[in-house]
Amino acid sequence: MRLALFDLDNTLLGGDSDHAWGDYLCTRGILDAATYKARNDEFYQDYLAGRLDLNEYLNFTLEILAATDVAQLDEWHRDFMRDCIEPIMLPKAAALLQQHRDAGDKLVIITATNRFVTGPIAERLGVETLLATEVEMVDGRYTGRSYDVPCFKEGKVTRLNRWLEENGYDLHDSYFYSDSMNDLPLLEQVTHPVVVDPDPRLHEEAKRRGWKEISLR
């Protein structure tokens, strides 16, 4: 079965779910809007520029998970899906997913954003297989720590290769859709790299390599 791999933020979504989660928490008054939002925005700019310190960012963004009961987090996330994610769902992205389903392909979302944020989004998109940055739980609570290889830059390749071996798939005739230069390591691995509304650096790289570019906006 052929694989169709998809980045999530700014690819299948018309925005960044990780950054939006932080904004949601600030808007609701759950976190301090002045200090948290400023730091969250700084991290997002670092991500866009390709200089994000992921471990530092995870320590920052996962702290709220450790401080909050899971039932409360799930309630917040339901509101977050309604207020922040539904408005950035892209009809063209849904159509692209359906096109690959109709072709009999195996759909996989592979994202640097943590599984707490992205699990319900993948479910909403009808994609069963999600490779994401993992968040640790102990005795039914989040610890505020991540575990395993973060699903970011070369880590996406590492996590995907392990998943391929465990599940009996390969990258023959595979697709990967992404907007970000951070995903160059994985784009280089697949048969059909497709850049989606790319950042300026990836746009130039795709043009140089003759990769297909599309818009889902």
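The values are calculated or read from the model by the stated rules, or taken from the named source; none is laboratory data. Just so you know, these numbers come straight off a predicted model, no measurement behind them. Neighbour counts are summed over all protein chains in view; Cβ atoms, including those assigned to glycine, are modelled from backbone coordinates with ideal geometry. What goes into the accessible areas is simple: the full protein's heavy atoms, side chains included, and nothing from ligands, DNA or RNA. Shrake-Rupley method; radii C 1.70, N 1.55, O 1.52, S 1.80 Å.
Quick notes on this structure:
- Normalised by the number of residues in the chain, the mean separation of alpha-carbon contacts (under 8 Å, six or more apart) gives a relative contact order of 25 percent.
- For the set His77, His192, His19, His172, solvent exposure ranked by accessible area (probe 1.4 Å, protein chains only) runs largest to smallest as His172, His192, His19, His77.
- Per-residue HN-Hα couplings for region 208-217 [Karplus 6.51, -1.76, 1.60; θ = phi - 60°; Hz; x = Gly/Pro]: 5, 8, x, 7, 5, 10, 9, 10, 10, 7
- Taken as Cα centroids, region 183-217 and region 36-62 sit 23 Å apart, rounded to the nearest whole angstrom.
- Loop GluC sites (Glu not before Pro), region 172-217, which have at most 14 other Cβ atoms in a 10 Å radius of their Cβ (DSSP): Glu188
- Length-normalised contact order for region 85-175 - Cα pairs under 8 Å, 6+ apart - percent: 20 percent
- At most 11 other Cβ within 10 Å, DSSP loop - trypsin sites (Lys or Arg not before Pro), region 1-98: Arg51
- Where Cα atoms sit under 30 Å apart: lysine pairs in the chain separated by 8 or more or lying on different chains: 15
- Per-residue SASA entry for Thr113, accessible area with 1.4 Å probe, Å² rounded to 10: 10 Å²
- Here is how the number arises for the chain: DSSP H runs of 4 or more residues each give -39500 (n - 2.57), the sum is divided by the residue count, and the result at 222 nm is -13500 deg cm²/dmol.
- Counting Lys and Arg as +1 and Asp and Glu as -1 over every other residue whose Cβ lies under 13 Å from the Cβ of Tyr142, the net charge comes to -3.
- Given +1 at the Cβ of Lys and Arg, -1 at the Cβ of Asp and Glu and no other charges, the dipole of region 73-195 around its Cα centre is 160 debye to the nearest 20.
- Share antiparallel - DSSP beta bridges, the chain, percent rounded to 5: 20 percent
- Under 5 Å, built H, 5+ apart or other chain: amide partners of Asp179: Val196
- Sites listed here are GluC sites (Glu not before Pro) in region 96-143 whose DSSP assignment is loop and whose Cβ has at most 11 other Cβ atoms within 10 Å: Glu128.
- Dipole orientation for region 3-214: of the candidates Asn114, Gln99, Ala49, Gln99 has the Cα lying most toward the positive pole (charges on Cβ; Lys, Arg +1; Asp, Glu -1).
- Positive dipole terminus of region 3-214, leading residue within Ile64, Pro150, Asn167 (C-beta point charges): Asn167
- Rounded to the nearest 20, the size of the Cβ-charge dipole of region 175-215 about its Cα centre is 200 debye, with Lys and Arg at +1 and Asp and Glu at -1.
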